[in-house]
1. At 1.4 Å probe size, with no ligands or nucleic acids counted, give the accessible surface of Thr83 in Å², nearest ten.
2. Given axes a ≥ b ≥ c from the Cα gyration tensor, I'd like to know whether region 274-385 is rounded (a/c under 1.5), prolate (a/b larger than b/c) or oblate.
3. Tell me the per residue accessible area of the chain using a 1.4 Å probe; a whole number in Å² is fine.
4. Keeping every protein chain in place, order Asp702, Asp58 by accessible area at 1.4 Å, biggest value first, i.e. largest first.
5. First compute the accessible area of the chain with a 1.4 Å probe, then give the percent of it belonging to carbon and sulfur atoms.
6. Which order do Lys80, Lys115 take by accessible area at a 1.4 Å probe, largest first?
7. What's the FRET efficiency of Asp341 with Trp698 using the Cβ-Cβ distance as r and R₀ = 22 Å, to the nearest 0.05?
8. Taking the Cα centre of the chain as the origin and placing charges on Cβ (Lys, Arg +1; Asp, Glu -1), which of Gly399, Gln505, Ala705 is farthest toward the positive end of the dipole?
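The values are calculated or read from the model by the stated rules, or taken from the named source; none is laboratory data. Since the structure is predicted, the reported quantities are computational estimates derived from the model, not experimental observations. With ideal geometry, Cβ positions are generated from the backbone for all residues, glycine too; neighbour counts draw on all protein chains shown. Just the protein is used for accessible areas: all its heavy atoms, side chains included, with ligands, DNA and RNA removed. Shrake-Rupley method; radii C 1.70, N 1.55, O 1.52, S 1.80 Å.
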Amino acid sequence: MNIFDKNKRLFRKVKREAGFILIPALIMTLIGSIIISALCAYMITGLKADTLYKSKADALYAADAGVEDAFWQIKYDNIKTFTDPVAYSPYDYNTTWVYTLSEQVNREDVTVGIKNIWIPQNIPVPTNPAFAANLITIGKLIITGSVIGALTYQIKITYYPDDTDNPLQIDTLGVWLPPGYTYVEESSNLEADDTAPYYPSSVDIVPHNGGQAILWNFTAGSLFTGDEGPPAVAPFPGVDTSTLPLTATITFDFTSQYPGSVPNAISWITTSGVSDIPYAWDADTQIFHINSTANTTQAEAYIARNELRQLQSSIAGDYYATGNSLLSAYGTNRYRSIWHDPSSATVTSANIPADADVAAAYLYWTGWKADTSATTIFNDAAYTLNNWDAGSAWDLNYGRFRGYTYGKTNPDVKLTLKTSLDLSSYASSLVNISFSQSKYGTITASDGLDFAISNDSGLTWSSRIQAFRGPNSPSGNFNYTLPSQFVQSDFKIRFYVVGFSAPNQYCYLDDIKISAMMADTSVVFKIDDGTGAKQVYLDGDDNPQQGTQQLTASRSQVVQNFAGGTTPHGFSYASFRDVTKLVREYSLAPVEPATNYTGYATYWVGSISADTSTHDEWAYASWSLVIIYTSPATQGHRLYLYDRFTYSNQDTTNGINVDFDRDGQPGGTISGFIVPHPVAGEINAGKLTVFAGEGDVWYGDDYVAVNGTKLWDGTNTTGNSESNPNNCFNSSSMGLGTYEGIDIDTLGIDPASGEYITWSSGILQEGDTSAQVDLVTHTDVWNMVYMILSFRSETSTGGSLTYLIKD
């Protein structure tokens, strides 16, 4: 039987068994229905799980986008525009500023909250932002921190005591190290000598805000003191109590999990003894808490931002200073008598970046006037006593007032002006009293002349002011500038003869004069944006206008000039007006799509009032425009503008270090700034520009020095060079002409090469909060109008300190 036969037989057999497959088919159908139902259920569950996973991932990325947006808000200072629920303040540690992203992310609404985090471990969170801000911005007690070397941290404490302050006690000193950094125990220089009076009573090292807090406690030990004497115990390391400001330097070592990184540490101190500075902290580093929510997913981050704190005297931005003179001399003649009225200066992209935006513009003008230009308010040549209530010790003698007490019983030694003078209209001027004084006979050390002044018609008097005393005191002209509080409507003066009680002893008084030295308070100001010069001014509401009206000053300063010693030689003045609105309105307008105002224009200033002479080197008339701007290239600079008008005087023998801050000490201390941490490739630690009038090129031996180092103006004139900067105020500035009686000098090591106050010079150090500036001259006299100091203080974020995502 072949195979085909077998198949036929099988086929026949199956064919005869009809319905055999029904039962297995039903069974398979039942089983299949069970399996398919379960399989379908599994597939549905898988689809739901995939949808849930995708939803969570979308929310996760959305929340992360909120954190990134907060990073941007903080880094680029947009957080300062937040007003809900209150205006943002870096010193508000209790408010959370909440906002919603303008667009959905992955179809999710994202809500972001940003809060300042208070770090000082043993100081309660400040409840009053204004109080906390004042502690920092007044700059009286400053604490800063920086890394020196590879793994050493330095804390610098600087204190500017008031004359009435008690000794300042440091109770605790603390520092917080962020996650990844650890204090090396007993490495602080505070702990190096256990016999030192400042040796801490205890040191606490505790976990704090994800990192580590180190707290040095002191039971006694004054860190600083006022002027009343040395501290009760030795001061902290580095403090020299004989100089101001008083500075201490504390160092310690740390370890790091991040080689080459710099910790965003924060240090602080608590104090006692001086009520207005109970504590201080390093406000240059801020810690922010960010909370971002999308649906039910939250992302949290803590980040640090480093930015120089803004003290009260600082201005944000960078600057360009220009200007010109209105006077020049003929040829090489030394006497400026040729007018260039008006004169101009041009600002272009070579001076200010094209993407800059003018934030402020200040116009200064200055000039010299002869004594004859002063306005006489009162003059008595001493021919009669009609203007005076004369006591018994006074009489007339050959056109002079004579005072003596010899032969008189209980003499009335007073000589008092009868009628009050109204000086109120001269409040913005320099009001000067002058008189001629002399003596006759054998004068003793106790013989002399005093006077007093009153601003209430003689109801009360100032303390007595000594005009001269003793035989060696000079005769001749005496000058006294009235303090501003006495330039009132009810002014009186009174003289007192002192001694002169022996025979043939006489005090003489003559030519009593009260005069007002008045500034020029208006000028012609024109701006040419390329379409022609337009005369502009600010109206009574401070709005920019175009027309023939002159621009008026908002404030003026006047100083009397002297030809060495006390011999008057005219007076000089400086006037000021904020012209920001004018510069933005009438300089070159932005071309769409740009919206920034660069200040590009030619500026003209004219009609500056000044006296000229063909035989007087004092004559000058000049002006300067300072434009402060912001731009992406210069974001984060801090400027410190000092514009107290100062006359130098002269001392050809010993020289004069001009006391421009009026503290009674040579030179001056400028403060209110903090030198930032240098960044890679940065050349300059700072930049200094000085505007002065009346400097002369033919007189050398005058210079500007910062912390003992002379700075160069970039010109090579008589006695002046890069290697020997010794003729700074020489009417020769880079970009300006010579023999013009004007200097607008940006000083440095080599200004022509862009090297100003360089890091390599060591003139300024990171963390410095003040600098000694010396303005030295011998023969040359000049008038300093302003001084600008600039530092880079670019905001940087230190990345995320911690990051947490939770559902």
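1. 100
2. Oblate, because a/c is 1.5 or more while a/b does not exceed b/c.
3. That works out to 45 Å² per residue.
4. Asp58, Asp702
5. Details: 18620 of 35920 Å².
Carbon plus sulfur share of accessible area: 52 percent.
6. The ranking, largest first, comes out as Lys80, Lys115.
7. On the way: r = 25 Å, r/R0 = 1.12.
Efficiency, from the Cβ-Cβ distance: 0.35.
8. Selected residue: Ala705.
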